[in-house]
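Chemist: Supplied in structure tokens, the structure appears directly below.
Bear in mind that the values in this text are calculations on the coordinates, not laboratory data. As the structure is a prediction and not an experimental result, all values here were calculated from the model. Here Cβ is always computed from backbone atoms with ideal geometry, including for glycine, and neighbour counts include all displayed protein chains.
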């Protein structure tokens, strides 16, 4: 007999996004019938984005993967044979063990996309215990430049504190109402704006909050370092900095002051496209308003100059005295939980920092995941050594890595690779084994571990998965028991949840009742112990720069891409609020809002090239060309082309990997020109051209 009563369960959003919104999920007969935001959610207060509302549709989608499969033809033919989990595990372990025996453990890479929960750290644990130093992830263009540069500059990753009132918030490349970067949900900021918090928006596009800002600086894509240096010039030259903090708690201020003299707003206007008067007014406003927070978004990490951009913005936070104060940019304190190093068993591979692929390329210390461009170099050129096999999860490299054609070549060259996912993707279509993953509603998990925001979120199981779908954490636990000494793993993968919570004296079920754990609020911790740097101060001038062959001071040395009359426009891209990178274009509720890839151009640009709204257009760079559809809008700069990112077509043919080349932004990028510190490619600020094309 069916039970018609809806049972409401509290959880947090996860695999659809890792922003962390608290959800109320209505369940009837093991089926999710409704999702809404939880008004008691401490990050979102009832807000939920379109992706979260549609997220249950993945569970019952007809295209969902429901059984393990193995390749039944040539790689990429789109032919599959269903197999048992036992055969899948056995095939994966035999191949990875064979490669390890023949070439060494470092010839196997473990690849992760955007972390969703504990699966990221269990993958690192598996790699460490297997003996491979090579966990490949996209952190070179997401999070690592801000986090690691922060560690070298001030000893921590400074996050915007939206839990205490700020007088001013700078949204620097952060379209927070559209993408809700992890931990920084727009509802927290919008509540502050209602209470009088002022905004400065720095973005090439007129975002929703640019309409409400005191100042909107519409800079050219890829010139963030030039703009930040101009801000520093104004604040230092006009002596508007926090002199007490600078004198007591910074190292190298005089060197920075001398260095920024040439970066006047007037000199940087031509570079950034922002009027000098607007730079001056905005810089003064930031310096004079306290507390002020900079919510810095992912786009500043999308070009070869990310280290300079991040370092310059860190210097701004420091000289204005906004580090680790309520309403500023804070060092978040973690709750009492198991430390990352212990969870991933870092002790089992002490030589890892010297053996990782990117150690050969002399990237910045503390970068503990391999930049994808260096992973591909190891596969294709065997530099610094050959990589022959891979295990992948939560990732779609054919769409997400720079220079997709080279990614394709690398995947095709691997002796063996397996992947887990919810749907078949262009990348999965090239694999030898594809495993059907459970969604985050179908198993117990913990969110936000290791992300630096000072809290973790409960994600209890809501419904049962299909019989043959397993959580990534369960898959990794089983692979670990077979590939590495089994005593480092559990009989039941859920015991890792208990391990993580044990230092705080909680069971997982007790944690679920609480909903989240947040670290103790403490500010200005530096007054007791200094900053966690070699000098004990905020290092405006890096003391170990020469040792690491990195610039001691942030600079502007040129735009990310060279000017070229054949490519007169500037190319950038933006995330689509209805999708997560390349995911979920199968879901009708989302696809109807964003049915096709749109390239945004200014009306002047449209007139120049004879393009009308809705026209089929070709965008080209030195590296490739794609086709999308034009959207004419005054929200973008006349010199800038805003292409759509992450597009493939699940309705396409599997043997063609779902038309992955047609509209894929990363057909336009290169993996050859990389930033020195992080191996970061140019994803923004490239030179391009555009033309109208007849629609097929």
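Chemist: If you take the beta carbon distance between residue 495 and residue 266 as r and set R0 to 51 Å, what does 1/(1 + (r/R0)^6) give as a FRET efficiency, to the nearest 0.05?
Modeler: 0.25
Chemist: Another one. For segment 435-469 and segment 236-295, compute the distance between their C-alpha centroids and round to whole Å.
Modeler: 43
Chemist: Let me ask something additional. Just to be sure I understand, if you calculate Rg and Dmax of the Cα atoms in Å for this structure, which of (1) 24.4, 79; (2) 30.6, 98; (3) 29.5, 97 do you get?
Modeler: Only one listed value fits the structure, namely (1).
Chemist: Please list 442-451, 240-249, 204-213 highest first by mean number of surrounding beta-carbon atoms within 10 Å per residue.
Modeler: Put in order of decreasing packing, that is 442-451, 204-213, 240-249.
Chemist: With r defined as the distance between the Cβ atoms of residue 563 and residue 383 and R0 fixed at 51 Å, what FRET efficiency is calculated, to the nearest 0.05?
Modeler: My answer for the efficiency is 0.95.
Chemist: Just grab the label-to-label distance for residue 277 and residue 616, each label 7 Å out from Cα along the Cβ direction, in nm (one decimal).
Modeler: According to this spin-label approximation, the distance is 4.7 nm.
Chemist: Taking the simple approach of a point 7 Å from Cα along Cα-to-Cβ for both residue 195 and residue 243, what is their distance in nm?
Modeler: Result for the modelled spin labels: 3.2 nm.
Chemist: Further question on the same structure: Rounded to the nearest angstrom and ordered from largest down, what semi-axes does the equivalent ellipsoid of segment 358-417 get from its C-alpha gyration tensor (root of 5λ)? Walk me through the intermediate numbers first.
Modeler: Numbers: eigenvalues 68, 38, 25 Å².
Values for segment 358-417, descending: 18, 14, 11 Å.
Chemist: Given the Cα-Cα distance of residue 42 and residue 659 and 0.36 nm per residue of separation, how much length would full extension add, in nm?
Modeler: Net length gain for the segment: 218.0 nm.
Chemist: Find the relative contact order for the chain and round it to a whole percent, using C-alpha pairs within less than 8 Å whose residues are 6+ positions apart.
Modeler: Values: 1563 pairs, mean separation 133.7, N = 696.
Rounded, it is 19 percent for the chain.
Chemist: Scattering from the C-alpha atoms of segment 569-692 alone, worked out with Debye: what is log10 I(q)/I(0) at q = 0.14, 0.21, 0.23 1/Å?
Modeler: Debye curve over Cα of segment 569-692, log10 I(q)/I(0) at q = 0.14, 0.21, 0.23 Å⁻¹: -0.61, -1.24, -1.37.
Chemist: Taking a virtual spin label 7 Å from the Cα of residue 525 along the C-beta vector, which residues in segment 450-468 bring their backbone nitrogen under 12 Å of it?
Modeler: 452-455
Chemist: Here is a follow-up. For residue 345 and residue 333, compute 0.36 nm times the residue count separating them, minus their Cα-Cα distance, and round to one decimal in nm.
Modeler: 2.1 nm
Chemist: Also: Kindly provide the helix-only [θ] at 222 nm of the chain, computed as the sum of -39,500 (n - 2.57) over DSSP H runs of four or more divided by all residues, to the nearest 500 deg cm²/dmol?
Modeler: -8000 deg cm²/dmol
Chemist: Continuing with the same structure: Label-point separation (nm) for residue 74 and residue 412, each offset 7 Å from Cα along Cα-to-Cβ?
Modeler: 0.9
Chemist: Still on this model: Hey, what's the per residue convex hull volume over the C-alpha atoms of segment 7-58, in cubic angstrom?
Modeler: In segment 7-58, the Cα convex hull volume per residue is 65 Å³.
Chemist: Pull out the extension gain between residue 594 and residue 5, defined as 0.36 nm times the separation in residues minus the alpha carbon to alpha carbon distance; nm, one decimal.
Modeler: Result for the pair: 208.6 nm of gain on full extension.
Chemist: Highest mean first, what order results for 71-84, 151-164, 552-565 on Cβ atoms within 10 Å?
Modeler: 151-164, 552-565, 71-84
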